[in-house]
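To keep things clear, I will list the structure first and then write my remarks on it.
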Amino acid sequence: MILRSLKWEDLDAALDLVRGLVDDRASDPGFGILLDKKLTREEEAEWLAKQLVAIEKGDVTSVAAEVDDRLIANSEATRGSFEDVRDHGHLGIVVAREYRSTGIGTEMLRTLLKECTKDGLKTVELQVLTTNPRALALYERLGFVRVGVIAKKVHRGRRFIDTVLMSTELRHGRNKKSR
């Protein structure tokens, strides 16, 4: 496995990855992805171009995972867009189905948090569906704490799903639990 930042050459693999996530959502309504339709290559190219510009500008910290020259996971922390929140990031992570529960997501997340610290972020937050206990446990193991719940944020099928808001404070390459 190689951990690195996204690059333009990832376009087709990123499109395959996101389309697979949409399939996962269809087969598992509790899955955490919010994207509800498969993107076109043009839509994915537009997203990737914006991401690459944001990475170059220092607005996004990116860690992607590659196995056998194939993009199989992506994570990023997006820096706050206003001066008062430039030291804070919002984190997202996706891993292809066949690579979940292999430790790749854990290693990618550890690396992303180290890169966020290097990039000057002081805090990072994320949201996770309550129907994803494995993700909740992973985030807690890596120093995130639950700071709130957004009741009924996601409406899927005939039910509502709560999300848990989690955060961590980054210090000297290690996470400190936020309160």
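Before moving on, here are some points about what is shown:
- Residue in the range 104-131 that is surrounded by the fewest Cβ atoms within 10 Å (Cβ to Cβ), counting only those that are among the β-branched types (Val, Ile, Thr) and more than 27 Å from GLY157 (Cβ to Cβ): THR106
- Selection within the range 1-16 - modelled with pLDDT of 85 or more and assigned to a helix (DSSP H, G or I): TRP8, GLU9, ASP10, LEU11, ASP12, ALA13, ALA14
- Checked against the criterion of being under 14 Å from the mean Cα position of the chain (by Cα) and within 30 Å of GLU56 (Cβ to Cβ), the candidates LEU165, LEU121, LEU129 yield just one match: LEU165.
- Condition met for VAL94 (under 23 Å from TRP8 (Cα atoms), modelled with pLDDT of 95 or more and of a type outside the set (Asp, Glu)): no
The values are calculated or read from the model by the stated rules, or taken from the named source; none is laboratory data. All of these numbers come straight from a predicted model, not from anything done at the bench. Methodologically, a virtual Cβ is constructed for each residue, glycine included, from the backbone with ideal geometry; neighbour enumeration extends over all protein chains shown.
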